[in-house]
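Visitor: Have a look at this one.
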Amino acid sequence: MPALAELDDHPDNPIPPRAEAGTIAAADGRRLRWARFAPAGRSSKGVVLILQGRAEFIERWFETVRDLQVRGFHVVAFDWRGQGGSERLAGHPRKGHVRDFRSYDFDLDVILREIVAPLPGPVYLLAHSTGGLVAVANADRLAGVVRRVVMTAPFLGLGDFGARPGIIRALARALRAIGLGRDFVPGGGATAILTTPFSKNRLTSDPRRLARGADQSWRRPDIAIGSPSIGWLAAAFDAQDRAFEADTLDAWRAPTLVFGCGEDAVVSNAAIERFVARTRASELIMVPGARHELLNERDRYREQFWAAFDAFVPGEGAPPPVELDASAKEADEPAVAPTGTDAVAPAAESGASVDAALVAVAAAAAVVLAEPVEPEDLSAETEVAAGSGDGEQAQDLVVQAGIAGGDDAAAVGGGAAGPGGDDAAGALDHRNEGDDVVGLQPGLDHDVGETGGDHAVGVAVDPVTGQANP
């Protein structure tokens, strides 16, 4: 499927104002859909580049774009190759596929050079899930370009799938090795990820926002995709291994604020904590109660994000990049000497500047309403057609047992849908197509109670006044 240039103007999720969109070719010729949005006011505080997760599309970020516009930022968003409005890489348009995550480097490169560079800086990065994994893998490419980074639920490891992660990794790599890399993951299929029932949803506790994504998937089946391919999953494991190599961790010098979601059933909070503990100038805020897609969550969780974001991401008054403090983040961690002839790490800020920003984040995180927040009654909306999987979730490798042949296939050890068996249902099939099988429901592999070490801001933020949309 060729790349699409236009954006979908959904009645409940209109295109943000002052938008422009188009397509652009990466260095290897693959065409990507991109969009750029000017700030709401006349002045600019810089540009925020959004790195989306797997199976997402630009339209899923419109609400966040508007939130950033009213804060005075230019915003750039784009669809990774193989999803959204960008060029597909497999014969089936609903199959999320790449052979190697390093292919995404071409996408990031051309967007930074051609779409971001003409805008007034500084540049900040907002990366979600798979976007966070791609960002970590591109530490060298981002050095000297990105001032600060904010990540939500980065896909640095899988949660509890009911099978040991090592077994899942070995299976994916073995199937790739025997030539099945382009097939859907076992149990996966072509049904759009965002169109499964809310009751099976692991992305958000907000049925309205999830239903909006489902409706967009029905309206625009050409931008929605289903399960990942075996090759995509194996490539994700390869990228995760590279992300935790010593050289990669040492290269990550940008001041970084990482959000973990307390009820995340998609990615591993343990892996997120490990990354934060092993990198300089990185801090973690765990948001209790939130599911995987923090920025598609209920307002009480989104407002926690924005309180900390506003304290961490400075605008035009941000200090220029200077050398990172060479002292180790932990007392027992040895300092790493700068490499090359230049002792300056251009992507980092001084230790004092970073510390001051993180103090401000902690102060924002301590804001609590005097009145307790009553839980919302969602019972009337729990069966809204909405997604059970965001693509960064390699979520269809294993699925719940006992329901093979329905909307979910059997777990490992039970019957599994044959790879690629869903192709006959067609690219634009509906949820009731009997051959479509999706819905890996991963569990959380790390108790939230284990969060709160030296690198976690162990407080929750209750709602603060929301930002009005333009």
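The values are calculated or read from the model by the stated rules, or taken from the named source; none is laboratory data. Values in this document were obtained by computation on a predicted structure and should not be read as measured data. Ideal geometry is used to build each Cβ from the backbone, glycine not excepted, and the neighbour counts take in all protein chains shown.
Visitor: Please specify each residue of segment 252-303 satisfying the condition of being of a type in the set (D, E, K, R), within 17 Å of the chain's Cα centre (by Cα) and farther than 23 Å from F198 by Cβ.
Guide: Within segment 252-303, just E273 meets the criteria.
Visitor: Still on this model: When only residues in segment 69-96 that are touching a strand residue (DSSP E or B) at 6+ places or on another chain (Cβ under 9 Å), in a loop (DSSP other than H, G, I, E, B) and small (G, A, S) count, which is farthest from D140 (Cα to Cα)?
Guide: Filtering first and then ranking leaves A90.
Visitor: Here's another thing I want to ask about it. Condition check: surrounded by 23 or more Cβ atoms within 10 Å (Cβ to Cβ) and of a type in the set (A, V, I, L, M, F, W, C). Does L51 satisfy that? Give the steps one after another, and end with the answer.
Guide: Numbers: surrounded by 23 or more Cβ atoms within 10 Å (Cβ to Cβ): yes; of a type in the set (A, V, I, L, M, F, W, C): yes.
In short, yes.
Visitor: Taking segment 23-38, which residues are surrounded by 15 or more Cβ atoms within 10 Å (Cβ to Cβ) and either at pLDDT below 95 or not hydrophobic (A, V, I, L, M, F, W, C) (or both)?
Guide: T23, R30, R31, R33, R36
Visitor: Would you be able to tell me the number of residues in segment 52-100 that are hydroxyl-bearing (S, T, Y) and over 28 Å from G231 (Cα atoms)?
Guide: Of the residues in segment 52-100, 1 are hydroxyl-bearing (S, T, Y) and over 28 Å from G231 (Cα atoms).
Every residue, every condition in (1) at pLDDT below 90; (2) under 21 Å from the mean Cα position of the chain (by Cα); (3) not β-branched (V, I, T), yes or no:
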{"position": "G166", "(1), (2), (3)": "yes, no, yes"}
{"position": "A172", "(1), (2), (3)": "no, no, yes"}
{"position": "V185", "(1), (2), (3)": "yes, yes, no"}
{"position": "P207", "(1), (2), (3)": "no, yes, yes"}
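Visitor: Going by the conditions given, is G179 buried (at least 24 other Cβ atoms within 10 Å of the Cβ) and either touching a Ser or Thr at 6+ places or on another chain (Cβ under 7 Å) or of a type outside the set (S, T, N, Q) (or both)?
Guide: Here the answer is no, as G179 does not meet what is asked.
Visitor: Looking only at residues that are outside any strand (DSSP E or B) and among the small types (G, A, S) in segment 9-39, which one is farthest from T256 (Cα to Cα)?
Guide: Checked segment 9-39; the qualifying residue farthest from T256 (Cα to Cα) is G29.
Visitor: A follow-up question, please. When segment 40-57 is examined, which residues are found to be in contact with a strand residue (DSSP E or B) (Cβ under 9 Å, 6 or more places away or on another chain) and either more than 23 Å from T256 (Cα to Cα) or of a type in the set (D, E) (or both)? Full working, then the answer.
Guide: Kept after step one, since they are in contact with a strand residue (DSSP E or B) (Cβ under 9 Å, 6 or more places away or on another chain), are these residues of segment 40-57: 44-57.
Selection gives A55, E56, F57.
Visitor: Might you let me know whether segment 112-129 holds any residue that is buried (at least 23 other Cβ atoms within 10 Å of the Cβ), among the small types (G, A, S) and either farther than 23 Å from E293 by Cα or in contact (Cβ under 8 Å) with a residue 60 or more places away in the chain (or both)?
Guide: Yes, because at least one residue in segment 112-129 is buried (at least 23 other Cβ atoms within 10 Å of the Cβ), among the small types (G, A, S) and either farther than 23 Å from E293 by Cα or in contact (Cβ under 8 Å) with a residue 60 or more places away in the chain (or both).
Visitor: Just one of the numbered conditions (1) outside any loop (DSSP other than H, G, I, E, B); (2) at pLDDT below 95 is not true of E6; which one?
Guide: Going through (1) outside any loop (DSSP other than H, G, I, E, B); (2) at pLDDT below 95 one by one, E6 breaks only (1).
Visitor: Residues in segment 144-161 that are over 17 Å from V47 (Cβ atoms), crowded, with 17+ Cβ neighbours inside 10 Å and more than 13 Å from the chain's Cα centre (by Cα): how many?
Guide: Counting residues in segment 144-161 that are over 17 Å from V47 (Cβ atoms), crowded, with 17+ Cβ neighbours inside 10 Å and more than 13 Å from the chain's Cα centre (by Cα) gives 3.
Visitor: Conditions first: (1) farther than 30 Å from V276 by Cα; (2) modelled with pLDDT of 90 or more; (3) assigned to a helix (DSSP H, G or I). S199 passes all but one, so which condition is the exception?
Guide: Here S199 clears every test but (2).
Visitor: Right, next: From the residues in segment 260-274 that are hydrophobic (A, V, I, L, M, F, W, C), modelled with pLDDT of 95 or more and crowded, with 24+ Cβ neighbours inside 10 Å, which one is nearest to R302 (Cα to Cα)?
Guide: C261
Visitor: Output yes when any residue across segment 97-111 is in a helix (DSSP H, G or I), surrounded by fewer than 24 Cβ atoms within 10 Å (Cβ to Cβ), modelled with pLDDT of 95 or more and small (G, A, S), and no when none is.
Guide: yes
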